[in-house]
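S.K.: After the structure tokens below, expect a handful of questions from me.
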Amino acid sequence: MKNTRFVTIALLAIPLLSAGYLWIRHDSRARSRDLASQAESMIARNHEQAVNLAVKSWNVAKTPEAHLAIVRTIARSITTLHGHTGAVVSADFSPNGLQIVTASEDKTARVWDTTNGEPLAVLQGHTAALTSATYSPNGEQIVTASQDHTARVWNAATGKLVAVLKGHTGEVWDAEFSPDSQKIVTAGHDSTARLWSVAEGLPLTILRGHTSFVWTARFSRDGTRIITASEDRTARVWNAINGEPLSTLSGHTGIVEHAWFSPDGQHALTSGYDNATRIWNTATSESLSTFPGFDAVFSPDGRLMATAAGDNKIRIWDAGTRQLLALAEDYSGSTQRIAFAPNSNWILAVGGDKTARIWDASSGKLLASVSGTSLLTDAAFSPDGEKIVITDTDGVVTIYSLDDLIRLKKILSEQ
């Protein structure tokens with residue numbers, strides 16, 4: 001009889017406990033929504049208080065309103081740049097980080113204020129799609145490359161045209177300033193790279209030797225050499241003073257799309273369509289190691305290398321020992337761009353899945369990600385490493401605070 005009474009009482013208590021749980025849950029969700037509403041109303045008046053309210057809302061109950069409040073308050077520093085009418089193919093911060101230049105298939109480049117997103121200048125004059133736009137190291141000029149067979153030099157402060165670099169007989173795929181801002185090297189569809197005087201806007205020499213398109217051309221950090229990557233499956237090293245060929249780096253079985261010097265100039269990285277990255281001794285032209293990867297880059301301090309491979313993994317290597325240090329696996333889609341932060345601690349990549357991701361370079365841990373609505377085409381860190389810029393095929397350019405993105409992921413991933 002006693003046992004029956006206890007069972008009866010327990011059975012009667014279950015609905016009461018369930019009702020109490022549901023009431024508490026309902027009250028928590030209502031409280032969360034109220035805090036989220038308060039957070040949104042505070043964004044313009046007191047940003048930090050708005051963030052705190054949004055986080056509190058999320059901690060009380062993970063409602064859709066709380067999620068939206070967190071995104072809107074923490075990611076408030078997102079700046080979206082509208083103006084291009086075609087896909088944006090590249091973005092480059094000025095050396096002081098206060099401006100960005102973007103290049104588009106709409107035949108223009110545009111200069112923007114990074115603090116407020118205001119347009120500063122439209123660089124017009126090319127008659128075909130642009131392929132790149134880059135600041136000079138001293139920040140005084142911009143060079144643009146175009147499929148109209150020319151590169152153009154512009155005054156970065158005024159947006160005025162300084163010089164038209166004519167000579168290529170095919171599309172110009174790449175253009176870069178020398179470290180002292182006195183020269184420009186261009187890479188073209190006509191199987192040549194060309195060296196130009198910035199002051200005079202005139203050709204200095206033609207780098208001949210490749211037998212097919214030249215995709216990229218890069219100066220060594222000391223400005224004494226140039227490395228080019230070509231569809232002819234080779235990379236070549238040239239004297240940047242007189243244009244004389246120094247060596248040919250042969251071994252790839254497919255198009256070589258990327259080539260870089262290490263910061264100290266003693267090594268080079270090449271990568272391409274054969275899903276292979278090679279590291280070379282630039283003094284002997286010896287191939288030292290081969291890694292999986294169709295894109296690769298050195299860290300700014302030269303300690304690390306990152307490769308993006310066809311298996312949708314980004315690998316981080318010790319540049320000295322060439323040992324694998326970390327694997328970034330939370331990734332899908334072919335890489336459009338891979339870059340190290342200025343402090344060499346983070347890696348940024350944009351892929352074919354319309355998402356940009358930032359990883360810790362030492363561990364491969366995913367720190368933050370952001371998704372777009374169209375294919376992402378380029379990404380870069382600001383010189384101080386505090387911001388990233390992302391471009392897409394819809395013509396949209398977006399600047400994010402890196403700290404905000406990391407903070408956002410951390411909060412939303414907490415259970």
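S.K.: Return a yes/no flag: does the range 284-304 have any residue that is over 20 Å from the mean Cα position of the chain (by Cα) and aromatic (Phe, Trp, Tyr). Please lay out each step first, then the result.
M.R.: Within the range 284-304, the first condition is being over 20 Å from the mean Cα position of the chain (by Cα), and the residues that meet it are 284-292.
This time we only want the ones that are aromatic (Phe, Trp, Tyr), so: 291.
Yes, the range 284-304 contains a residue that is over 20 Å from the mean Cα position of the chain (by Cα) and aromatic (Phe, Trp, Tyr).
S.K.: Collect the residues in the range 225-242 that are within 15 Å of ARG208 (Cβ to Cβ) and modelled with pLDDT under 95, keeping them in residue-number order.
M.R.: Answer for the range 225-242, where residues must be within 15 Å of ARG208 (Cβ to Cβ) and modelled with pLDDT under 95: just ASN242.
S.K.: Are there any pairs with C-beta distances below 6 angstrom linking a residue in the range 28-47 that is surrounded by 14 or more Cβ atoms within 10 Å (Cβ to Cβ) to a residue that is basic (Lys, Arg), with the two at least 6 apart or on different chains, and if so which?
M.R.: As it stands, the answer is LEU35/LYS56, since those pairs meet every condition given.
S.K.: Could you list, in sequence order, the residues of the range 238-275 that are within 22 Å of ALA175 (Cβ to Cβ), in a strand (DSSP E or B) and in contact (Cβ under 8 Å) with a residue 40 or more places away in the chain?
M.R.: Across the range 238-275, the qualifying residues are TRP238, VAL256, GLU257, HIS258, ALA259, TRP260, PHE261, ALA268, THR270, GLY272.
S.K.: Provide a single number: the residues in the range 117-165 that are outside any strand (DSSP E or B) and β-branched (Val, Ile, Thr).
M.R.: Final tally of qualifying residues: 2.
S.K.: I would also like to ask the following. Take the residues of the range 61-80 that are assigned to a loop (DSSP other than H, G, I, E, B) and among the hydrophobic types (A, V, I, L, M, F, W, C): which is modelled with the lowest pLDDT?
M.R.: So, considering only residues that are assigned to a loop (DSSP other than H, G, I, E, B) and among the hydrophobic types (A, V, I, L, M, F, W, C), the one modelled with the lowest pLDDT is ILE78.
S.K.: Please go through the range 331-390 and pick out each residue that is over 17 Å from SER94 (Cα atoms), aliphatic (A, V, I, L, M) and not in a strand (DSSP E or B).
M.R.: Those that are over 17 Å from SER94 (Cα atoms), aliphatic (A, V, I, L, M) and not in a strand (DSSP E or B): ALA361, LEU375.
S.K.: Is it fair to say THR248 is surrounded by fewer than 20 Cβ atoms within 10 Å (Cβ to Cβ), in contact with a strand residue (DSSP E or B) (Cβ under 7 Å, 6 or more places away or on another chain) and of a type in the set (S, T, N, Q)?
M.R.: yes
S.K.: Continuing with the same structure: So, in the range 395-415, of the ones that are loosely packed, with under 15 Cβ neighbours inside 10 Å and acidic (Asp, Glu), which residue ends up modelled with the lowest pLDDT?
M.R.: By that ranking, first place goes to GLU414.
S.K.: May I pose another question? Tell me, yes or no, whether the range 67-79 has at least one residue that is closer than 21 Å to ASP378 by Cα and of a type outside the set (Ser, Thr, Tyr).
M.R.: Scanning the range 67-79 turns up at least one residue that is closer than 21 Å to ASP378 by Cα and of a type outside the set (Ser, Thr, Tyr).
S.K.: Condition first: closer than 19 Å to LYS410 by Cα and hydrophobic (A, V, I, L, M, F, W, C). Now tell me which residues in the range 40-70 satisfy that.
M.R.: Scanning the range 40-70 gives ALA50, VAL51, LEU53, ALA54, VAL55, TRP58, VAL60, ALA61, ALA66, LEU68, ALA69, ILE70.
For every residue, the table says whether it meets (1) among the charged types (D, E, K, R); (2) over 30 Å from HIS267 (Cβ atoms).
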| site | (1), (2) |
| --- | --- |
| ASP318 | yes, no |
| LEU325 | no, no |
| GLY351 | no, no |
| TRP359 | no, no |
| LEU367 | no, no |
| SER371 | no, yes |
| THR377 | no, no |
| GLU386 | yes, no |
| LEU408 | no, yes |
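S.K.: Can you say whether ASP113 is surrounded by fewer than 19 Cβ atoms within 10 Å (Cβ to Cβ), assigned by TED's automatic domain parsing to the domain that holds ASP180 and under 23 Å from the mean Cα position of the chain (by Cα), as far as the supplied structure shows? Working first, answer last.
M.R.: Working: surrounded by fewer than 19 Cβ atoms within 10 Å (Cβ to Cβ): yes; assigned by TED's automatic domain parsing to the domain that holds ASP180: yes; under 23 Å from the mean Cα position of the chain (by Cα): yes.
Yes; evaluated as a whole, the condition is true for this residue.
The values are calculated or read from the model by the stated rules, or taken from the named source; none is laboratory data. Everything numeric in this text was worked out from a predicted model, so none of it was measured. Note that each Cβ is placed from the backbone with ideal geometry, even for glycine, and that neighbours are counted across all protein chains shown.
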